[in-house]
Structures are given as C-alpha cells and as structure tokens.
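The values are calculated or read from the model by the stated rules, or taken from the named source; none is laboratory data. In this text, all values refer to a predicted model and were calculated from it rather than measured experimentally. No Cβ is skipped: glycine too gets one built from the backbone with ideal geometry, and neighbour counts run over all protein chains shown. Calculation scope for accessible area: heavy atoms of the full protein, side chains included, ligands and nucleic acids excluded. Shrake-Rupley method; radii C 1.70, N 1.55, O 1.52, S 1.80 Å.
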Amino acid sequence: MLSLGQDEIAKYPFLADAGQYLKDKGFTLEQFGTDPDLKELITKAYERIQVAADGKIYKSDLIGDQVSKEAALPREVFSFLLAIVLLKLSGMHTLIKRFALAEARRAEKYLEKDLANISDESKKQLAIRVIDDLFSVQIEKLDDYFVIPVSDYLKHSINFHEREWKLINRHVENGQVFLTPHETVRLIRKELGTYINAKIVNAKTPTMIPGFEDSVNKLVMLSKKFSTFTVTTGEYPPCIKHAIDILEKGENLPHSGRFMLATFLLSKGQSVQQIAPLFKNAPDYNERVTLYQLNHLAGTSGSGTQYSCPSCEKLKTQSLCFATSECEGIITPLQFGKKRK
Amino acid sequence: MKETDIKFLESAFKKYYFEQFDLIRVPERTSEREFGYQKFNSGMTRHISVKDDKELHLMLMQNVPSDVYCSNAYYTFPNLPMNEKDWKEADLIFDIDAKDLNLSCRANHTLSICNDCNEISNNSEKCLKCNSTKLEKKSLPCKNCIDASKTEVLKLSEILTNDFSINEDDIQVYFSGNEGFHIYVYNTQFQQSGSRERSELVDYIMFNGAIPEKFGMKKFKPNRNSFPDFSESGWRGRFSKYVYGSKSKRSKVISELLSNGYSSFQKTLDDVSENIGSKIDPNVTMDIHRIFRLPGSINSKSGLTKIHCKDLAKFDAYADSSFLSDDTVEVLANCPIEFKLKNKKIGPYHNEKVSVPTFAAVYMMCKKLATIA
Ligand code: SF4
Ligand SMILES: [Zn+2]
Ligand SMILES: [Zn+2]
C-alpha cells in the first residue's frame, strides 16, 4: 500500500484505512456522536453525501492544491470516513452509488491536477502510483504527455463510445498511446468509481452509534427522493430501463440513447424538469446544455416541433434494444405494456 | 464429390504427409494448442490435443484429413469443450485474401459451376445452359491476385513494425495455400488481449473510423497549422504522404481541403481508407478461439501447401507451394481457363479426357473442375 502524507489522504481519502486512521488520530466513532465539537463533523459528512446525491462535486476546504488551515485536513478526511459510516448505517444503496461517483469525480480532479503538476515531481509520481496500484495501469511521462501501452489503453477505451477514443484517432508510437493528463484520468474514470463503491460496499456496517441517528434518518428521507425512478421503471420497456441504468451508474449513454430516453419520457407526460436530473451522472453533464436539448426535443423552444420516440427497429440498429418476450408485437417502446389483442 | 475422386485425393494427400512431414511446422508449446481437422465430404473434428510431432504425424496418417487446423490460442486443457478449456493467451494472426481486394482481374478467372446441371461457365449471374441462379463460384487466382495481396502484407507489417515497435523477426508470413497470406505475430503486448481489443486494433490497421480532428481538420475555425506534416510518424504521416503526394504540394492541398470543408474531409478520410489501410479480414484477427490452417498442411481448396514465405518479394505462390507428384493421371477435365502450376501451363480444357501431372489433377479436382476418368 502507498504511504500517504496528510494532504494526500485528504485528496484521496478512499486510500486510507479508516479504522487505522481514527486510531492514529486518537479518536473513536463514539466520540463523534457525543462530543459537541466533533459532532459538527457528522453534519459535514451528511452534507458531503447530500451534495453527492445532487450530482455535484463536494467543494472541500482544500483550495486548489493548498489547504487553508492545517486543521482542515483531518476534518476533510473525517467527513469522508463518517459519510461512509452514515451510508452503511442507513443501508441506502442508491446513495452509496451516487456518493462513490461524486467522490470519484472529486478525486479525478486532484489526480489530473497532480499529473499536470510540473513544479512538484513528487505529486506527479504519487498520482502515477495511485493509478498503477489501483488499476494496474502503468503510465509514463514523456515530454508533455503520458504514455501507456496500447494493450492497456484498449482494455479501458473499448468501453467508450465516442470516436475520439478509437485507437485510430490517437497518437500511437512505439506501441504506446499518448494522452494528456485529462485523458489519462478520464480513461480510468469508471474503475475509480467502481473502486470507491466497492470499498464502501465491503466496509463493515457498525451498530448504531448514539448521536448518529438523526443524520441517518435524514439520509433515509433523502434517498426516497431518488427512488422515484427506480420504482416507476417497473413498467418501462427494457431499452429504457437499460438506459436509465447506465445513467445511474454514471456511465456514458450515447447520444442516440439519450434521445430515446428523453423522447420516451416526454411522450409519457414527464416534464423537462422531471427528466433533467436523470442526466446528472453523465460524465459530460452540463445543466444548461441538457435543459436546452430537452426543451428542444419537447418542442418548447426553437422550432416548436416535438420529437417522437424512435421505433424499435431503429433502436435495434443503434444497439439500444434489449428486447424481452414482453416486447413481442410492438413497434415502438411507447406501446410496451399495453395489452394488445 | 465422387468416391473415386476422394480416394485419389486422399492417396495424394497421404503421400504428401508421409514424405514431407518435415514441412509441417508443429507450433511451439504444442500441448497447449487445440487441433482440428476435416475429412473429404465430412464435418469438422476439433478439441484435439497433440503432444508432439510424432502424435501429429500419426493423426495425419490415420485420418488423412483434407484440412488440418491448429489454434493460435494457448489453453490449459485444449481438448475440453470451449468453455472449460481455460484460455490463456493467443498469438496475433491476420488473414489477407485476394477475394477481399476488389481486384479487376477477378472477373477474368472466376468460373461459375451450376448446382443444378453442373455446367461450368465463365463468371456469370445465371447458368448459361439452364438459367439456374444456384451457382458456385471458383476462382483460379492469378499473379496479380498474389501481388496485390503481397502489397497488403507489406502495408500491414509496416504498421506493425513502425507504430507498434514489433520486431520483424516476430512476424511470419505464410502463403495460405489458395489465394492469400496468413500472418502470425509473436511476442507482442497483445497476447492476452480479448476480442474487443483486437477489433480496435483491426480498425486501426484498416484505417476505419478516423475523424477529421485527428488529421487537423476542425468543425469550427479550422486552422492550417494543425494539419499533419509529411515527415510525421503513424497515420498522420501516412495520410500526408498519400493525400499531399509530395512535400511541395502540401500547402496547396491543405488549402483545398480547408475550402471543401469538414464533411468533405470526412469523406476524404473514408475514401483514403480504401488505399492506405491494410485490407485484413477482421473476423480472423478478432477471433481468439479460432483454429487456423496448420502451417505445412495442404489446403483442400487447391491441393497447395500453406507454406512459409522466407522472402515475400521473391515468393512465387504457384511454383513454390505445390509438392504433389509429377506422375501423370488421366482425368476428365472441364477447366475453360488456363492456369500455371510448378511453372507449367495447364489447360484450358473443355470437357475432355486428358493426361496431366498429379499436382494439376488435384488442383482441378479441388476446384471441382475435373474428375478421375
Ligand atoms: S423491442 Fe422495442 S421496446 Fe423492447 S427493448 Fe427493443 S426497442 Fe425497447
Ligand atoms: Zn445449369
Ligand atoms: Zn487475379
């Protein structure tokens, strides 16, 4: 395992051994529930989850690479560790997924910054080692780029749909692919999210700790807000369920898939405001653009024409169809579940 | 195929396997490979493991197969069913076939055999005798077919050595025994790559899916500085050499490309792909569980041997790959196209009884253009 400095742990708290960290700092979980000063950190942890649940990235007290105050560092780590405790106590899996994703995005930013750091070699080396240790991806610095063996690159890139990730559109030399710091980190995005998610899922669930109840209850309430989609998906056709799944996992849904999903939900009478949050986890989410596109599809802006949901046949050619026996005899996803004679 | 023809072919093949066994390259790490074979007029037997030369020899002599195959993959248990084999890794393989090259010579040496009345006619859509459309096409590839295939092999090895730093000694080229080449690449970083990764590699080698941005063309405010240079490595370099033609024309060509715009540039890329990409068969390279024709074995589409080309430039497919005997045999031949084997011109024959050397008889019989008289 990597040995980490204080500010590294703050940036990549998921690398820390939680129990050990608390012990080193001389704290027990119980203290956080009772000590009024420490209790504040539970609130902070709750907020950290709340922000993640909203699909945003937690803005920490770390300003840029520097830390405002020495004391802020452990607080930063504690709020992460306590957030995990709260999530485990609440048992809300949708929240865990969202939290892991948001934390992955947050770490991504630091990784990228560390990789691009030209003044501090040790920061860069750490980022390179984090990537190697966690994902067995060996990257090397070469001039302004990072290079990675083509075979390693392909293992990750095959999951991307955008054409710029195709090997043909990359600079390849000596059996290696050249990447910018941003691209390097983007390449392992999915694995980073999976790693953090697994770490939380595999963490032991403690028994309820006095002083934690309030925040845990609030989390249970919070998670209700997100279960609406999963509850209603029961009646959705497989193609739509699959698309929602992809978005919930924070993976990339190709443009054609987003078009299908949006036009389907709009036809079912959902509003642009109801649909927009679905896209929040998308790797390239941009609120303004999403709203603009949804309004366009709904016909509430511009041309005023409302777009209709593509036919099953069309979706088949776009590899978006995941037909089951229940799909028999229908020609558009909109007919799914309607009894036909 | 008629019983007498099969008997004849089997005895010719058996003689070859007996006399030329040293030509049959038993691949390294033999016991980790899956072998398979086909007999005339019967299906494929696979999931066979072979320990060494001796065992392979025995298998060939006992079964006298029409075709023999061996996996490019390595398994822990090559003789178990596919999902229990325990795949370890696979050599990189490529297949280049003249029939995929859209060559203009093809029409001249392709025959149509009618499935209904057995009439053989020059390449056509319908049987000239009975108008049936159930035709089987047989090609008697020419020198041009082989030369064009060689060009694709050279393109492929140029990409492999330059872009992927693959050692030239690790690239082995074989004549497929019919109308193309099989290329094996050893000791690469791709040994453990799966099908999807190999498929990306295929697109790279074939120049499929390129976007204008990679070659300097942008949708908005394109700028001539980002266009590739003549001397660049990789695809940007190959693209420049092909599209600019010469260093001095670079500037002029870029101006044209810019004025034609983005979508026209995309079209240029798609057109260029036909010329600068290497035309490999994607399915072969992607398949990590394939059994591939065994080097040194006979190809039953022709009776010629899949043979190693030590010097590709000098390799003469139809002189260097025929190892069957010169003993003459009488056949009823209906082969309206002349062909050349072992430097001997044969045919054309129009439904006539002729005495020809065994290697020529086998060639025509494999193509269904002759039977034992
Ligand atoms: S058949 Fe139609 S409704 Fe069913 S999964 Fe395919 S596209 Fe969706
Ligand atoms: Zn006919
Ligand atoms: Zn030809």
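Here are some notes:
One line per residue, one yes/no per condition, for (1) at pLDDT below 95; (2) hydroxyl-bearing (Ser, Thr, Tyr); (3) over 30 Å from B:Cys309 (Cα atoms):
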residue	(1), (2), (3)
B:Ser176	no, yes, no
B:Gln189	no, no, no
B:Gly194	yes, no, no
B:Phe207	no, no, no
B:Lys218	yes, no, yes
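- Inspection of the range B:345-358 finds a residue satisfying the criterion of being polar (S, T, N, Q) and at positive phi.
Here is a yes/no grid of residues against (1) of a type in the set (A, V, I, L, M); (2) within 14 Å of chain B (Cβ to nearest Cβ); (3) surrounded by fewer than 21 Cβ atoms within 10 Å (Cβ to Cβ):
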{"site": "A:Asn174", "(1), (2), (3)": "no, yes, yes"}
{"site": "A:Val185", "(1), (2), (3)": "yes, no, no"}
{"site": "A:Ala203", "(1), (2), (3)": "yes, no, yes"}
{"site": "A:Gly211", "(1), (2), (3)": "no, no, yes"}
{"site": "A:Leu219", "(1), (2), (3)": "yes, no, no"}
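- In this structure, B:Glu32 qualifies as over 23 Å from the mean Cα position of the chain (by Cα), open to solvent by less than 70 Å² (accessible area, probe 1.4 Å), more than 16 Å from ligand 2 (Cβ to nearest atom) and not β-branched (Val, Ile, Thr).
- Here B:Asn283, B:Asn334 are screened, and the one residue that is within 17 Å of the chain's Cα centre (by Cα), over 26 Å from B:Glu19 (Cβ atoms) and among the polar types (S, T, N, Q) is B:Asn283.
- Every residue from the range B:68-101 that is away from ligand 3 (no atom under 16 Å from the Cβ), under 15 Å from the mean Cα position of the chain (by Cα) and open to solvent by 10 Å² or more (accessible area, probe 1.4 Å): B:Tyr69, B:Asp95
- Exactly one residue among A:Ser119, A:Ser215, A:Ser151 is more than 14 Å from every other protein chain (Cβ to nearest Cβ) and touching a Phe, Trp or Tyr at 6+ places or on another chain (Cβ under 6 Å), and that residue is A:Ser215.
- Counting only residues that are in a helix (DSSP H, G or I), surrounded by fewer than 21 Cβ atoms within 10 Å (Cβ to Cβ) and in contact (Cβ under 8 Å) with a residue 12 or more places away in the chain, the range B:215-233 holds 1 of them.
- Filtered residue count, the range B:182-239, keeping only those that are charged (D, E, K, R) and within 22 Å of the chain's Cα centre (by Cα): 5
- Test: A:Lys155 is under 23 Å from A:Arg106 (Cβ atoms) and not hydrophobic (A, V, I, L, M, F, W, C): no
- Condition broken by B:Gly237, with the remaining ones in (1) touching a Lys or Arg at 6+ places or on another chain (Cβ under 8 Å); (2) open to solvent by less than 60 Å² (accessible area, probe 1.4 Å); (3) without any contact (Cβ under 8 Å) to a residue 24 or more places away in the chain satisfied: (1)
- If the condition is being of a type in the set (S, T, N, Q), in contact (Cβ under 8 Å) with a residue 40 or more places away in the chain and crowded, with 21+ Cβ neighbours inside 10 Å, then the range A:264-292 contributes only A:Asn281.
- Residues of the range B:102-118 that are open to solvent by less than 60 Å² (accessible area, probe 1.4 Å), touching a Lys or Arg at 6+ places or on another chain (Cβ under 8 Å) and either closer than 25 Å to B:Asn283 by Cβ or not β-branched (Val, Ile, Thr) (or both): B:Arg106, B:Thr110, B:Leu111, B:Ser112, B:Cys114, B:Cys117.
- Some residue of the range B:192-199 being open to solvent by 30 Å² or more (accessible area, probe 1.4 Å), under 30 Å from B:Phe292 (Cα atoms) and assigned to a loop (DSSP other than H, G, I, E, B): yes
- Counting the residues of the range A:254-271 that are closer than 15 Å to A:Lys314 by Cβ and basic (Lys, Arg) gives 1.
- Number of the condition not met by A:Arg189 [criteria: (1) charged (D, E, K, R); (2) under 23 Å from A:Pro277 (Cβ atoms); (3) open to solvent by 50 Å² or more (accessible area, probe 1.4 Å)]: (3)
- A:Ile168 meets all of the listed conditions (1) under 23 Å from A:Pro254 (Cβ atoms); (2) more than 14 Å from chain B (Cβ to nearest Cβ); (3) among the aliphatic types (A, V, I, L, M) but one, namely (2).
- Positions within the range B:200-214 being more than 8 Å from chain A (Cβ to nearest Cβ) and touching a residue at least 60 places away in the same chain (Cβ under 8 Å), in sequence order: B:Val202, B:Ile205, B:Met206
- Scanning the range B:62-119 for residues that are within 16 Å of ligand 2 (Cβ to nearest atom) and of a type in the set (S, T, N, Q) yields B:Ser112, B:Asn115, B:Asn118.
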